[in-house]
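Presented below is the structure to which this report refers.
Quick note: the coordinates plus some simple rules give every number you see, no bench work behind them. Just so it is clear, the structure is predicted and the values come from calculations on it, not from any experiment. Heads up, the Cβs are rebuilt from the backbone with ideal geometry, glycines too, and the neighbour counts pull from every protein chain shown.
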Amino acid sequence: MDHSADASGLLEGSDVGSQRERVVTEEEWLQKWEMGDIGFHKEQGHPLLQKYLDVLLNGRSGLRIFFPLCGKAVEMKWLADMGHSVVGVEVSEQAVKEFFSEHSLPYCEEPVPEISGAKMFQSTSGNISLYCCSIYNLSSSIVGKFDGVWDRGALVAVNPCDRQSYASLMINLVEKSSSYLLVTVSYDPNKHKGPPFYVPESEIKSLFGNCCEIRCLEKVDDFSEKHRQWGLDYFLEVLYLLKFVA
Ligand code: SAH
């Protein structure tokens, strides 16, 4: 087995067990929202975004920030309140509507002419636009390009067989000189089927390494009772900065 000791002293493998073949359908995601099976949602937002906000913004203001597979992430509100323009994509209309209603934000909704069946929900103030469709239907001609990305619960939620298309799309959606914060998770993939899926560092490098500098900023122990019930005995969150250079 291919193992290398990382900074935390834990063994990190590139073996992803049987996760490589696993597929979660859009229908299953919609059902999770309907059932309230959304343990991934963080009501208080993510501490790593708070901590590394300066790294994402890099002293810049009025940025366009992308939230792939956004759910109802409260961090979208944080960034909009700081004067940035936020764009998200989420397949569940319920999630999108809950985002606006939970923050008491008035919004309007309109079809997206380029994507059959898709809708765009926009805050009345215009600074938060959430596309309700599959991310694979987006392109830079529809949503433009971004100065920053917050990818939490996104790459790790993408089906392993779709990672390459996802990464190619993300690379297309970012401006040169943008900052992309990526949160992955690390656990023994033979003990839990995911999502979230385990994405080894070697794979981050092969997906993005040709186009940007990759730095691991932090590994955080995030083990909780939920993970113990999944049959795991460790669970880490790993934060990377992908720095696209001009
Ligand atoms: N990033 C959010 C949600 C993580 S869960 C957070 O941090 O809370 C992953 C989300 O992706 C779910 O809300 C699911 O409905 C959505 N999703 C799954 N496949 C998708 C796809 N192909 N396109 C857009 N959204 C998708």
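Semi-axes of the equivalent ellipsoid of the stretch 67-190 are 23, 17, 16 Å, computed as sqrt(5λ) over the eigenvalues of the C-alpha gyration tensor in descending order. Computed over every Cα-Cα pair of the stretch 110-246 and binned at 10 Å starting from 0, the pair-distance distribution P(r) comes out as 11, 37, 31, 19, 3 percent.
Round to the nearest 10 and give me the degree value, 0 to 90, for the angle of helix 47-57's Cα axis relative to the longest principal axis of the chain. Relative to the chain, helix 47-57 is tipped by roughly 60 degrees.
Taking the convex hull of the alpha carbon positions in the chain and averaging its projected area over all directions gives 13.0 nm².
Residue separation of GLU98 and VAL220 scaled by 0.36 nm, minus their Cα-Cα distance, works out to 41.0 nm of gained length.
Considering only SER165, SER104, SER18, the mean-square fluctuation computed in a Gaussian network model of the chain, springs between alpha carbons under 10 angstrom, is largest for SER104. Electrostatic tally near LEU63: other residues with Cβ closer than 13 Å to its Cβ, Lys and Arg +1, Asp and Glu -1, net 0.
When both bridge partners sit in the chain, DSSP labels roughly 60% of those beta bridges antiparallel. Separation of the alpha carbons by more than 22 angstrom is noted, of LYS32/LYS72; LYS219/LYS243; LYS42/LYS226; LYS42/LYS119; LYS77/LYS243, for LYS42/LYS119; LYS77/LYS243.
Using 0.36 nm per residue of separation minus the Cα-Cα distance, give me the extension gain between GLU34 and SER206 in nm, one decimal. Can you show the working numbers first?
On the way: separation 172, 0.36 × 172 = 61.92 nm, distance 3.55 nm.
Full extension of this stretch gives 58.4 nm more.
For ASP233 and ILE142, a Förster radius of 35 Å and the Cβ-Cβ distance give a FRET efficiency of 0.20, rounded to the nearest 0.05. Measure nothing but the geometry: give the 0 to 90° angle between the long axis through the Cα atoms of 163-173 and the longest principal axis through the Cα atoms of the chain, rounded to 10°. Taking the Cα atoms of the chain, the angle to 163-173 is about 40 degrees.
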